Every structure is written in C-alpha cells, then in structure tokens.
Amino acid sequence: MPVTYEFFILLAMSLLLVRSHPLPEEATSDAAIKCTLSEEDLDSLKSAISSAASAKSSDGIILSNETLTACPILANFTEMLKTVATDMEVLKTQSISNAEVELLRESFEERLNEITKNKDIFERQAGQETSKTEGQMVEKINRLQLEMASLKEEIEQETKKMYEDMAEYIFQRLKINDTDAIDSYAQIMFKTKMHDLFMKLKTDRWVLWKMLNYVEQKKDKVIGKWVLNTVINQVTSLNRNKPDELEIGKDSLVNLLCWTSTAKTVYGAVQEDQKMFYLTKLYFPAEKGCTECKDVMSRILCSNTYPRSIAKAYG
C-alpha cells in the first residue's frame, strides 16, 4: 500500500529513539548491547530521511555494520527508505487528481522534514553526552508518538479515499469501454488493492467482463493469475443464501469460465480449474445434466459455450 511506508519511517524513528536513549529500567543492562548512535550515524539518518521525503532513493550505506549490529531494528532501514521514496513519487505522478495527491505528498514530506529539523534529536549541545537526560527524552518521544498517531490516521483516511476514487474511476471508464484511460490506475490497484478493486467491479457483470478482457490484452501471467484467484476467492466467500450475492457469484463465475476458455494466455492451473468446477456445483445445482442450461446461458457474455458444458457436467 503506497503511502503507509511514510508512517513506518516515523515508527522506525520512534523505536530508534527509544533504543538510543534507554529508559531507567534498561540502565543496568550490559553497555555492549545498548543501541547508541554516533554524530555520524545521526547525520546519515537525517540525510536519508530528507532524501526519502523528497522522493529520492539513497543508494549509499546509511548506517555502518557496527551500528546495525548494535541496533538490529534498523537493519532494513535502507530498503524502507528506498521504498518510501518510490511510493512518494508514485503518489506525485499517478493518481486520479495529481493536484490533490501532490498536496498530500507535500504534507507527508513536510512532516518528515520536521523530524530532521528537530534539534533535540539530531543536534547536541557542546559538552553534552550522547545519551540525553532520560526523563526529557521520554517526554519528547511521547510527544512524537502522538504526532505519529495523528499522521497515521490522516494517511489511512486519505489513502483510503484515494483508492476508492481510483476504483470508482476504473468502474465508470469500463462502463463506457474506455480502457485506455484506466491503464496507470489499474496497474496501481492490481499491485496494492486488487481485492478492493474487484469487490467494486464484480457488482456489474458487464464491467467485470470488460476488466477481464483488459487483463487478457495485457498478457501478464502473474497479474492474470492474481485476478483469477482474487475473483475465485471472492465468489467462494459470498453468502449464497442472499439473493443479491447469489446473483453476483453466478455472474462472476460464468465470466471466469468464459475468460479462461477464450483466453490465449493460460493463467490458472488444475487447482484453479477444480475450484471453479466446485463453485459451479454450488451455484448451479439445477443445471447438472441440463439440455439448454438456461441459467448459465443467460449470463454468458462470450461466444464460447464452455460455461454451459461445465454446468452440465458439474452442476
């Protein structure tokens, strides 16, 4: 999920501060296993966070092996910062409303930069020891954690709305068969919110069918298999005792059977086929041995009668 990594950076910083400035109950622990940071370490962290806030990855070594050994919680810090930088760039360039998301990205950037400007964290007064007074540091960390909790809630709300807008946009463009307009958004949703996207799309059998054809045009076996299994799992989880969910399940299942029987690319395997056959038995029990198979045939949006054959054999 793209923007939540910014929160992980803040969380990592909080944990870093807690470990770098031990609480009273930790004071008696072996000094050799304490997590302490040098001035150089702090400068490196400050620079790396600034780069991530500006959507720039740092390819260099952020912390020394010695520091990482003493502070194992920071072992994945470099990769985390690279991911944040990439995701912030995605936020900037790929969204429903570039202007809106740019403001959101700038807000996150500002909050990250505020951390690097915190003199209590990144600067020491002359003659001051590496570890500051514990009581003062605990108070500062608590304030920082409150800020992070607020930022986390903001990120969750804003990103949820952004993905909902993307799903709605894709849904509406597919309705008018405008697949060119959904390309960048669909690729983001496939990788981050596939389940949420298809929860929306499967409510309209024509829209779902158009999306399956869009996936077929891409001929991406990995994405195709994700899509196939996502829809299978969603059909499996529907409550067949509810008429609306029963209808969605039937339409989705017939669409999948149409797609897999007409696709030139093979996305599933025996396991996926068996799941679809089993679902056909659950959703179309009256069709077993059917001649016309009216229920299935009324839902077919492709020219292939494969779904009828499956319903006749397994229903």
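We did not get these values from a lab; they are worked out from the coordinates using the rules stated. As the structure is a computational prediction, the values presented were derived from the model and not from experiment. Cβ atoms come from the backbone with ideal geometry, glycine included; neighbour counts cover every protein chain shown.
Tabulated values for the structure
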read-out: Entries of 225/294; 218/242; 160/264; 218/281; 191/219 with Cα pairs more than 26 Å apart; value: 225/294; 218/242; 160/264; 218/281
read-out: FRET efficiency, 1/(1 + (r/R0)^6) with R0 25 Å, evaluated for residue 106 and residue 183 via beta carbons; value: 0.45
read-out: Total formal charge among the other residues, if their Cβ is under 11 angstrom from that of residue 255, Lys/Arg +1 and Asp/Glu -1; value: +3
read-out: All-pairs Cα distance distribution in region 202-314, expressed in whole percent, bin size 5 Å; value: 2, 13, 25, 26, 21, 10, 3, 0
